[in-house]
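Here's the structure we're looking at; comments come further down.
The values are calculated or read from the model by the stated rules, or taken from the named source; none is laboratory data. No experiment lies behind these values; they were computed from the predicted model shown. Cβ: placed from backbone, ideal geometry, glycine included. Neighbour counts: every protein chain shown. Accessible surface is based on the protein model in full, side chains and every heavy atom, while ligands, DNA and RNA are left aside. Shrake-Rupley method; radii C 1.70, N 1.55, O 1.52, S 1.80 Å.
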Amino acid sequence: MEIIVNRTQKHKECTIGKLTIDNHPFCDTLEPTWRNIHWGRDGKKKIKGKTAIPEGRYPVVITYSPKFKKWLPLLLHVPYFTGIRIHAGNTAQDTEGCILVGENLVEDKVLNSALWLNRLKKKIVEAKERGEGVWITIS
């Protein structure tokens, strides 16, 4: 299964995107502010909890999150980041680097997030049950 997050709006407080699954539109996303950081170079650093993850392709698994006390999608091998999850939330204040899913019906927010998270988790579980790998590409 291929999940793609295409970042479409880079605002001061957040980054909004469109999430597709196997080339079919699925929902919107919200992440922290995109910061044009030269990853790996000295002198430039991400701001903890306030920086969107680097563009790239990452494997996705569902694991238990002690922080959220529930099973959530986890992105693996994200450079310079750990514990990047896809979870419910509405604004940039609800994420420290993770991807929030929902509907971008209000500026700088996603709504109906819990509903879209459950739908996404179901799709990931179904793909895993079919023996498919699950990957997410952030662009």
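Over 28 Å between Cα atoms: which of Lys12/Lys69; Lys18/Lys123; Lys50/Lys128 fall into that group? Kindly include the intermediate steps, with their values, before the conclusion.
Values: Lys12/Lys69 30 Å; Lys18/Lys123 17 Å; Lys50/Lys128 31 Å.
In this structure, Lys12/Lys69; Lys50/Lys128 lie more than 28 Å apart at Cα.
Please give the calculated 222 nm ellipticity per residue for the chain, where each DSSP H segment of at least 4 residues contributes -39500 (n - 2.57) and the sum is spread over every residue; nearest 500 deg cm²/dmol? Don't jump to the answer; show the numbers that get you there.
Values: 1 runs with 17 residues, N = 139.
Dividing the helical sum by the residues of the chain leaves -4000 deg cm²/dmol.
Let me check I've understood the local charge: for Asp28, count other residues with C-beta under 10 angstrom from its C-beta, Lys and Arg +1, Asp and Glu -1. What total comes out?
Values: positive: Lys18, Lys109; negative: Glu103.
That sum, taken over residues with Cβ under 10 Å, equals +1.
Compute the accessible area per residue over segment 82-129, keeping the other protein chains in place, probe 1.4 Å, unit Å². Show your work: numbers first, answer last.
Values: 2420 Å² over 48 residues.
Per residue, segment 82-129 has an accessible area of 50 Å².
Please list, by residue number, everything in segment 97-112 whose backbone N is under 11 Å from a paramagnetic label point 7 Å out along Cα→Cβ of Glu13.
Correct set: 107-110.
Going out from 0 in 5 Å bins, what whole percent of all Cα-Cα distances in segment 79-139 drops into each bin?
Whole-percent P(r) values from 0 Å outward: 4, 17, 21, 23, 20, 11, 4, 1.
Which whole-number percentage describes the relative contact order of the chain, with Cα contacts under 8 Å and a sequence gap of 6 or more? Provide the component values of the computation, followed by the final result.
On the way: 318 pairs, mean separation 39.1, N = 139.
For the chain, the relative contact order is 28 percent.
Which percent of the accessible area of the chain is formed by carbon and sulfur heavy atoms (probe 1.4 angstrom)? Intermediate results must be reported in sequence, preceding the final value.
Details: 3960 of 7670 Å².
Using a 1.4 Å probe with all protein chains present, the chain comes out at 52 percent carbon and sulfur.
Go ahead and set up a Gaussian network model of the chain, Cα springs under 10 Å, then flag whichever of Asn90, Asn104, Asn118 fluctuates most.
Comparing Asn90, Asn104, Asn118 in the GNM, the peak value goes to Asn118.
Determine the sum of side-chain charges near Glu103: Lys and Arg each +1, Asp and Glu each -1, restricted to other residues whose C-beta is under 12 angstrom from that of Glu103.
Working: positive: Lys18, Lys109, Arg119; negative: Asp28.
Net local charge, Glu103 excluded: +2.
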